[in-house]
1. Scan the stretch 196-230 residue by residue and report those that are under 14 Å from the mean Cα position of the chain (by Cα), within 18 Å of residue 249 (Cα to Cα) and not in a loop (DSSP other than H, G, I, E, B).
2. Testing residue 192 on (1) surrounded by fewer than 23 Cβ atoms within 10 Å (Cβ to Cβ); (2) over 30 Å from residue 141 (Cα atoms), one condition comes back false. Which one is that?
3. I need a count of the residues in the stretch 375-414 that are surrounded by fewer than 18 Cβ atoms within 10 Å (Cβ to Cβ) and assigned to a loop (DSSP other than H, G, I, E, B).
4. Can you tell me which residues in the stretch 296-340 are at positive phi and modelled with pLDDT under 95?
5. Kindly state which helices (runs of 4 or more DSSP H) lie completely within the stretch 281-344 and contain at least 2 residues that are assigned by TED's automatic domain parsing to the domain that holds residue 238 and over 22 Å from the mean Cα position of the chain (by Cα).
6. Across the stretch 99-115, what is the number of residues that are crowded, with 24+ Cβ neighbours inside 10 Å and within 18 Å of residue 387 (Cα to Cα)?
7. All but one of (1) in a helix (DSSP H, G or I); (2) buried (at least 18 other Cβ atoms within 10 Å of the Cβ) hold for residue 270, so report the exception by its number.
8. Residues of the stretch 124-165 being surrounded by 22 or more Cβ atoms within 10 Å (Cβ to Cβ) and either farther than 27 Å from residue 373 by Cα or not assigned by TED's automatic domain parsing to the domain that holds residue 365 (or both), which ones?
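The values are calculated or read from the model by the stated rules, or taken from the named source; none is laboratory data. All values derive from a computational prediction rather than experimental measurement. For neighbour counting, all protein chains shown are included, and Cβ atoms are generated from backbone atoms with ideal geometry for every residue, glycine included.
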Amino acid sequence: MDLDLSQAEQHHQQGQQHGHQRQHVPSPLPAWHHRGPAPSWALNLRPRPGSPPGQGHGGRPREWGPGPSVLPALHPLVAGPLLLAAATTGLQAPVPLPPIRLGQSAPLSGPSAQLGQEYREGAQAYFAQVNRGGGVHGRRIELISRDDRYEPSRTLANTRALLDQDKVFALFGYVGTPTTQAILPLVDARRVPLIAPLSGAQLLRHPPRPMVFNLRPSYQRELDQSITYLVRSGRHRIAVVYQADAYGQDGLLGARRALRRHGLEPVATAAVQRNSLRNGAAASSVAMARPNGVVLVTAYGTAADLIRRLHRLGSRAQVMNVSFVGTRALRDALPPTLANGIGVSQVVPFPWDGRLPVVREYQQLMRRQQRQPHFGFSSLEGFLAAKVTVEALRRAGPRPDRPGFVAALESLRSTDLGGFRVSFAPGDHEGSDFVELTFLGSQHWEP
């Protein structure tokens, strides 16, 4: 049976009595603060005129809108006698409370590694700040991440290890639809919360899943905006290239629904394999249909390969991607001449907009966490997911169990994270419906 935090504390104290103690790696020292303007390619990453704005709950525009140390510092003249008295009377230092362990399976190596790495870096930047302030109710947050290379079989094995060996309290920040789909039976059977998976697939939303809490909106919302933009800009010959798995099938269905709202059907569809760079047949079949708009539902490596091949075949269609593609990684994988103008729908605010309080906080903590900070949409999403998790843990109290944590998450109704609102409720586990369109610029440099 899985441990709740009360059981974990008893287990931890018993281990102390037998001389076993988990060593905690201290939080990293503050790195050099490095300030500067947003990268010019990011400044060019902008909504196009006529594109629909991000919407908040109820159709309204989306508003862009820890504890101290337990022991005070003692003067050496005071501390010395106290320590001597403690040594002579046999007093023992207080046993630290066990950490709150969160488990993550994500691609940390392989063709999709940048997605998992960036999401984790953003989350760790916030968790480190919370730990510097004493944790949550005196407990540190420990994120245990295992590499699945974006392969579902490895995700399932990692999840079993996280639950049975690492004894994690909740699962956090899984990356991808097919990988997350593989663990849903285990999530349901073990009644373990899954927080903020990086996926907009319907299978995480319908039918409602009581243990899954989605921070981001659905791919359907993203595709509605992308296809509406293409149609309004006079591009009615639209092709769809999709990954041959649950992620791609969800995107293909979403694209068809969005096209039908405008009385259209795809002029061509083509499937590609996950993590593949051999996409010549798919690119040829799409180019032969002569589309003036192409929607890609895949990850950055495959997307970049398709964009190169379509360009070599003479296609100059406007290419649109859903957010999962990984904006920075896609930009890094393409030369500037091919990257310029590529569209990506986004589900979090612009990471270089320091006017937004939560983005300003994100930038400050990323600078503290990294010697050379890299801002981006994936790491900001991980940062926001960490803030949601910590707020729910605070509300759940000093000895939370999983049902209490779920109830605390469901109490986050219209919660302002600093200019970005998240709202959960019983029966409504989709925290945000923010979507906007961005387009890559032709230049690239870091802040």
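1. 198
2. (2)
3. 7
4. First pass over the stretch 296-340, keeping only residues at positive phi: 314, 326.
Scanning the stretch 296-340 gives a single hit, 326.
5. Details: elements: 300-312, 327-332, 336-339.
Once the helices (runs of 4 or more DSSP H) in the stretch 281-344 are filtered for at least 2 residues that are assigned by TED's automatic domain parsing to the domain that holds residue 238 and over 22 Å from the mean Cα position of the chain (by Cα), what remains is 300-312, 336-339.
6. Counting residues in the stretch 99-115 that are crowded, with 24+ Cβ neighbours inside 10 Å and within 18 Å of residue 387 (Cα to Cα) gives 4.
7. Just one mismatch for residue 270, condition (1).
8. Once the filter is applied, which keeps residues that are surrounded by 22 or more Cβ atoms within 10 Å (Cβ to Cβ) and either farther than 27 Å from residue 373 by Cα or not assigned by TED's automatic domain parsing to the domain that holds residue 365 (or both), the stretch 124-165 yields 139, 155, 158, 159, 162.
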